[in-house]
Amino acid sequence: MPATKIPTSAVLQLLHERKALPVFPAIISRLDEALAEQTVNMDRVVAIIAADIMIASRVLKAAGSVRYGMNPPKDLVEAVARLGFTEVRAIAFAVSYTAGFTKPAHIAIHVFWRHAFAAAVAARVLSVWFAQERKQRVCDMATAFLLGLAHDSGVLLLDLLNPEAYGQVIEAVAQGEDSLQAEQRIMGTTHPLISAALMKYWRFSDHMAMAVAAHHYPTRLQPESQALADLVLFAEVIAVRLGYGNGVYQAPSPAMQGVIQQRCEVQSITEEDIMMLSEQVDQQLQAEGWLALADGLG
Ligand SMILES: [Fe+2]
Ligand SMILES: [Fe+2]
């Protein structure tokens with residue numbers, strides 16, 4: 001039976017009608033309220049974090065990691081102070097965001113989250129590297145982290161919307177078809193567009209949603225917006241290089257490989273750069289406990 005094609009604009013609406021659209025994490029709304037105060041109350045922020053053991057432990061781990069000299073913080077207050085509110089929010093977002101998605105029919109969920117966390121850490125490492133080595137400020141660390149985390153959420157949503165059709169996509173990709181091509185052919189839309197639609201629905205900036213929408217084809221954006229989409233693409237490359245494919249593919253298709261090569265040339269990123277950055281990402285992924293978190297979600 002041929003799969004029914006659905007316009008991109010209808011995907012979120014259909015999921016909403018089925019009560020299957022992930023809701024914006026409630027803890028993030030509470031945190032945002034606390035962070036919007038004219039003078040942010042540290043105790044209030046810490047209390048919100050402390051109420052969720054998964055988030056609290058991840059914040060403590062991040063604050064005790066190599067980026068902060070590996071000295072474990074003495075308590076959550078010190079951990080939050082060390083990381084800063086923006087990074088704490090990004091960590092809280094990552095932990096609570098995963099809970100909003102239903103398990104997909106065809107993808108091992110821990111494989112998907114390993115990819116998302118690896119891309120999140122990779123995007124953060126890349127944002128620092130661009131700033132320090134290239135004197136190019138693409139975006140702040142927290143924005144980078146969120147982009148990496150959310151870039152492939154469309155995969156889960158498309159699978160949730162029509163598991164049978166997405167099963168066909170996965171089969172076609174296993175036979176060598178490019179994942180975007182297969183999604184477009186079978187479902188009539190693609191995962192980057194759906195990831196971006198969810199980001200817009202959750203009121204992330206247009207700039208962030210566009211970078212996610214174009215993460216397989218950065219040149220589809222205006223030149224001034226391409227660097228942010230490149231960052232997501234390179235984060236993807238590093239995640240896959242470390243062995244964390246997204247559950248749909250384990251290696252870039254020839255079409256994607258061509259785009260990666262072209263964007264690496266434009267940004268003068270060498271194979272050595274990717275290797276060195278991948279090592280950093282690998283260390284931070286382990287040290288901050290993201291892989292363990294992904295595995296616990298399986
Ligand atoms: Fe993707
Ligand atoms: Fe990806």
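Working note: Karplus 6.51/-1.76/1.60 with θ = phi - 60° gives the stretch 58-63 the couplings 5, 5, 5, 4, 4, 6 Hz, where Gly and Pro are set to x.
Projecting label points 7 angstrom from Cα along Cα→Cβ for Q283 and S57 puts them 2.5 nm apart. Counting protein heavy atoms only, the chain has 54 percent of its accessible area on carbon and sulfur, 1.4 angstrom probe.
What's the center-to-center distance, using Cα atoms, between the stretch 191-239 and the stretch 1-80 in Å? Cα centroid of the stretch 191-239 versus Cα centroid of the stretch 1-80: 20 Å apart.
Farthest towards the positive end of the charge dipole of the chain, among the residues A122, A239, S9, is the Cα of S9, using unit charges on the Cβ of Lys, Arg, Asp and Glu. Within the full protein context, the accessible area of K103 is estimated at about 130 Å² for a probe radius of 1.4 Å. Against the criterion of solvent-accessible heavy-atom surface with a 1.4 angstrom probe, D295, D273 sort, most first, into D295, D273.
Note on M276 and E164: their simple-model spin labels are 5.3 nm apart, each label 7 Å out from Cα toward Cβ. Each stretch of four or more DSSP H residues adds -39500 (n - 2.57); spread over every residue of the chain, this sum gives -20500 deg cm²/dmol at 222 nm.
Here the relative contact order of the stretch 103-296, from alpha carbon pairs under 8 Å that lie six or more residues apart, stands at 30 percent. What shape does the stretch 171-291 take by its C-alpha gyration tensor, where a ≥ b ≥ c are the square roots of the eigenvalues and a/c under 1.5 counts as rounded, a/b above b/c as prolate, and the rest as oblate? It is rounded, given that a/c, with a ≥ b ≥ c, falls under 1.5. The value of relative contact order for the stretch 24-99, using C-alpha pairs under 8 Å at least six residues apart, is 34 percent. Which residue fluctuates the most in the chain, going by a Gaussian network model with Cα springs under 10 Å, if the choices are I28, I194, I109? Maximum among the listed residues: I28. Mean separation of Cα pairs under 8 Å and 6 or more residues apart, divided by the residue count, gives the stretch 171-264 a relative contact order of 25 percent.
Any idea how far the Cα center of the stretch 240-298 sits from the one of the stretch 108-163, in Å? Each part reduced to its Cα centre gives a spacing of 10 Å.
Couplings for the stretch 40-51, taken from phi via the Karplus curve 6.51 cos²θ - 1.76 cosθ + 1.60 with θ = phi - 60°, read 6, 8, 4, 4, 5, 4, 5, 5, 5, 5, 5, 5 Hz in order; Gly and Pro are left as x. Highest GNM mean-square fluctuation among D43, D178, D140, for the chain modelled with Cα contacts below 10 Å: D43. Here the Karplus curve 6.51 cos²θ - 1.76 cosθ + 1.60, taken at θ = phi - 60°, turns the phi angles of the stretch 27-37 into couplings of 5, 6, 4, 5, 4, 4, 4, 5, 7, 7, 4 Hz, with x standing for Gly and Pro.
The values are calculated or read from the model by the stated rules, or taken from the named source; none is laboratory data. Predicted model only: the values in this text are computed from it and were never measured. Every residue, glycine as well, gets a Cβ built from its backbone with ideal geometry; the counts of neighbours run over all protein chains shown. Quick note on the areas: whole protein, heavy atoms, side chains included, nothing else; ligands and nucleic acids left out. Shrake-Rupley method; radii C 1.70, N 1.55, O 1.52, S 1.80 Å.
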